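Student: Structure below; questions to follow.
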């Protein structure tokens, strides 16, 4: 399983679906899987709170693992790596596995925090459900620190998509996660 993690708006859906096509693997977006199981995410958060969403998100990821979708590209939810350690009984173990897998990649528009914040806020404000640039900037600043400190390879997504895919494919091939034709 190839895992793509990011703080939100860094391109995991775009990069993930393109990488999956290139590698001829299914693409799985954890939020889409969660919606299939629980319905609208905004309604879940509004009705039950963010912690309920986070627990459901971890449970959905655990369910994906049980289905043994090993040959897939999975885009984890933007906050997945930032949940409190007690959000779900399996969270710490799952988070550790995600962090230490050679096929997990952190996507960031840029490794420079200011460039990353500016680009992420710009991308997020293009989405219909985002309303506050100030809130998005606060969230990305908080999450950037977490994601930049993870021991996973970092991929800058402001590069052309073809370059991003070449970088990912080369790293995957170097770790034996794909063969030379991928």
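Read-outs: derived from the displayed coordinates by stated rules, not from any lab. As the structure is a computational prediction, the values presented were derived from the model and not from experiment. Using ideal geometry, Cβ is built from the backbone for each residue, glycine included, and neighbour counts are taken over all protein chains shown.
Student: Work out the FRET efficiency for residue 21 and residue 126 from their Cβ-Cβ distance, taking R0 = 22 Å, and round it to the nearest 0.05.
Tutor: 0.45
Student: For segment 45-84 and segment 9-23, what is the separation of their Cα centres, given in Å?
Tutor: Rounded to whole Å, the Cα centres lie 18 Å apart.
Student: Something else: As a check on your grasp of the helix formula, calculate [θ] at 222 nm for the chain: sum -39500 (n - 2.57) over DSSP H runs of n ≥ 4, divide by the residue count, round to the nearest 500.
Tutor: Mean residue ellipticity at 222 nm (helix-derived): -17000 deg cm²/dmol.
Student: Now a separate question. State, to one decimal in nm, how far the label point of residue 43 lies from the label point of residue 175, with both points 7 Å from Cα in the Cβ direction.
Tutor: It is 3.7 nm.
Student: Given that just one value was derived from the coordinates, which of (1) 1.42; (2) 1.14; (3) 0.99 is Cα Rg over 2.2 N^0.38 Å?
Tutor: Label (3) holds the value from this structure.
Student: Moving on to the next point. Along Cα→Cβ, 7 Å out, is where each label goes; now give me the distance between the ones at residue 32 and residue 118 in nm to one decimal.
Tutor: In this crude label model, residue 32 to residue 118 measures out at 3.2 nm.
Student: How much length, in nm to one decimal, is gained on full extension between residue 90 and residue 134, taken as 0.36 nm per residue of separation minus their Cα-Cα distance?
Tutor: Computed gain between residue 90 and residue 134 is 12.5 nm.
Student: What is the distance, in nm, between label points placed 7 Å from the Cα along the Cα-to-Cβ direction at residue 13 and at residue 167?
Tutor: My value for the distance between the label points is 2.2 nm.
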